[in-house]
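First up is the structure itself, then whatever we jot down about it.
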Amino acid sequence: MLSKLSAATVGPILAVVVLAVAAYFAVRQEIDRRRREADLSEADALHFARQDVRRFLGSVVMLLIAAGMVAGTLFDPRASRAAGRLFLAIWAGMGVLLCLLFWLAVHDWLSIRAYARRHRRALAEERAAALAEQQRRQAVRRASEEGWEDVNGPVDDDRPR
C-alpha cells in the first residue's frame, strides 16, 4: 500500500499533520498565557512575553511549512523548466523555514535555561539569607541562655551602657 502512495498524496497528509501540530502548539501557548499570573516580576514578564512571541511565531512557521508541503506537491519539476524552478524555490523556502523553526526552538531552549538559572540563583540567595538569619537567632538564644547581654561576649561592668 505504501508503495502506491504518491507525493501528491503523502504531501497533503503530512501537511495536515504539521498543521494539526501547529494548531495544537498555538492553542496550548494561548492557554498557558491566559493562566499565567499577572503579578510577575519585570524580568519574568519580559521572559514570558518573548516566549509567547517565539512560540506563536513557531506555529506560524509550521503553518507556512504545511502550505509549502502542499504547494510543493502541486508542481511536477520535470514538466518544464519554469515548473522546475518554482519547485526548487518552494523547497528552498521550506529549507529556510525549517532553519528558522530550529533557530526558534534553540533560542526558546536557551531562554528557558537562563530563566531557570535566574530563579535557581534567587532561591540560593533566599536560602543563604534564611540560614544566616537562623544562625543569628541561635547565637542570640545561646547568648541569653549563658547570661550574656551581648552576642559578642560578656558585658564588662566598666563599659558604658
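Just so it is clear, none of the values below were taken in a lab; they were calculated from the coordinates. Bear in mind that the values here come from a model prediction, so they are computed numbers and not experimental data. Positions of Cβ are backbone-derived with ideal geometry, glycine not excepted, and every protein chain shown enters the neighbour counts.
What Kirkwood hydrodynamic radius, in Å, does region 78-125 give when the mean of 1/r is taken over all pairs of distinct Cα atoms and then inverted?
Details: mean 1/r = 0.0729 Å⁻¹.
One decimal place: 13.7 Å for the Kirkwood radius.
How about region 42-96: which trypsin sites (Lys or Arg not before Pro) there are in a DSSP loop, with at most 12 other Cβ atoms within 10 Å of their Cβ?
Numbers: sites: Arg50, Arg54, Arg55, Arg78, Arg81, Arg85; in loops: Arg78.
Answer by residue number: Arg78.
With r as the distance between the Cβ atoms of Asp52 and Arg113 and R0 = 22 Å, compute the FRET efficiency 1/(1 + (r/R0)^6) and round to 0.05.
Step by step, r from the Cβ atoms, then E = 0.80.
What is the sum of charges around Arg127, taking Lys and Arg as +1, Asp and Glu as -1, for the other residues whose C-beta is under 14 Å from the C-beta of Arg127? Could the numbers behind the result be given before it?
On the way: positive: Arg120, Arg121; negative: Glu125, Glu126, Glu133.
So the surrounding residues net to -1.
Charges on Cβ only, +1 for Lys and Arg, -1 for Asp and Glu, centred on the Cα centroid of region 2-121; of Leu19, Leu57, Cys99, which one is farthest towards the dipole's positive end?
Working it through, the farthest residue towards the positive pole turns out to be Cys99.
Dividing the alpha-carbon Rg of region 1-117 by 2.2 N^0.38 Å yields what? The partial results should precede the final answer.
Details: Rg = 18.4 Å, N = 117, 2.2 N^0.38 = 13.4 Å.
Relative to the rule-of-thumb radius for its length, region 1-117 sits at 1.37.
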